[in-house]
Amino acid sequence: MSVLITLLADILVAVLLVATIATSVRLSRRIAQLKGDEAALRQTIGDLMIATSSAERAIGSLRSAVDESDRMLAERLETASACAAGIAAQVAAGETVLARIGAIVGEARSAARPAAPPSPAPTPVQGAHSDRLGAAAAASLAMTERALQRVRNRAA
């Protein structure tokens, strides 16, 4: 019986050795895989650090661009405000001038109406150049009427 116990103990030790070897092989493969994953992880971390530094530089550039845009916008707003104030002053001055012109035209009309009787129609001239003189008189009358109409339109 002692031989049987020894033989069973040897078989048990052999089975345990085979199980240990198999486990060691599996652990060795897993360790190798983890080392490969570690190298890939280190590469990923390096790439991430490079991307982070370039993103920080880009953010700095964007901040400077925003500051420059803000400064330029403020300058343009100041220029636009100054131009708007200038235009408002010019409009006010134009309105003052227009009011003065209207007053002058009103006075001229009131002074001209009683003093000036209506002008008679031009009388035809007899002679060699009567057609040309009649045309010149008609043109002169038309120009006078247009000038009067312009003065009335501006006063209104």
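Just so it is clear, none of the values below were taken in a lab; they were calculated from the coordinates. Since this is a predicted model, take the numbers as computed values, not measurements. Every residue, glycine among them, receives a Cβ derived from its backbone with ideal geometry; neighbour counts consider all protein chains shown.
Taken together, A85, A40 contain a single residue that is under 30 Å from A155 (Cα atoms), of a type in the set (G, A, S) and assigned to a helix (DSSP H, G or I), which is A85. Looking across V97, V105, V91, one residue alone is assigned to a helix (DSSP H, G or I), in contact (Cβ under 8 Å) with a residue 24 or more places away in the chain and under 30 Å from A155 (Cβ atoms). It is V105.
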